[in-house]
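Bear in mind that the values in this text are calculations on the coordinates, not laboratory data. Since we're looking at a predicted model, the values are computed, not measured. Here the Cβ positions follow ideal geometry from the backbone for every residue, glycine too, while neighbour counts run over all protein chains shown.
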Amino acid sequence: QPWNENLYKVNENSPKLSKQRAEEFHTMTAKGLFLSKRARPDIQPVISFLCTRTKQPTQEDWQKLTKMMKFLNGTKNDVLTIGADGSHIIEWHVDAAFAVHPDYKSHTGATMSMGKGAIYSASKKQKVNTRSSTEAEIVASDDVIGQILWTRLFLKAQGYPVKENIVY
């Protein structure tokens, strides 16, 4: 796994990176963001967090980036496989991690499958603070409902009949 349970924890006492190392951090995070959107959705949670740390990255952030890079190196031959199983059912899995960011905001994760693999996935920090895990789950659903509805309409417009559009 490209992260551990300390991903969202920030040590305020961790030393700041030098200007050159901070630029490297920013460049590698940007490359990871591109990669996570195109071929490696498995690194989205760590990239989402690292993107919030590019202004003043620390040694701790560098270690998290290094862990992700080692994971990518160790799994470089893995293949992303996606496909539709012919059932014409779209399944969405939406979840929230409550108050995991330093500012106590929650985190939304979502995937869409049509039978084989995650055709769409998202991992992002929520824009509002929530008071409970239940409220965070509702915000997570709201974060992705536009994509859920648009995908269904898009597939229908392409001539692909959608029997069910299920949200878990």
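Summary table below
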read-out	value
For the range 97-109, 3J(HN,Hα) per residue [Karplus equation, 6.51 cos²θ - 1.76 cosθ + 1.60, θ = phi - 60°, Hz, x = Gly/Pro]	10, 6, 6, 8, 8, x, 8, 6, 7, 8, 10, 9, x
MRE, 222 nm, helices only [DSSP H, n ≥ 4, -39500 (n - 2.57), over the chain, to nearest 500]	-14000 deg cm²/dmol
Low-density loop cleavage sites - trypsin sites (Lys or Arg not before Pro) in the range 52-113, where at most 16 other Cβ are within 10 Å (DSSP)	Lys55, Lys76
Local net charge near Ile138, Cβ-Cβ under 13 Å (Lys/Arg +1, Asp/Glu -1)	-4
Sequence-separation-based contact order of the range 39-164, relative, with Cα cut under 8 Å and 6+ spacing, percent	23 percent
Antiparallel %, DSSP beta bridges [both residues in the chain], to 5	75 percent
Mean shadow area of the chain, taken as a quarter of the surface of its Cα convex hull (nm²)	10.7 nm²
Extension gain (nm, one decimal) between Arg38 and Ala157, 0.36 nm per residue minus Cα-Cα	40.4 nm
DSSP H segments from the chain that extend 20 Å or more along their own axis, Cα-based, with Kyte-Doolittle mean of 0.0 or above	133-157
Segment Asp78-Lys19, length gained on full extension (0.36 nm per residue, minus Cα span)	17.8 nm
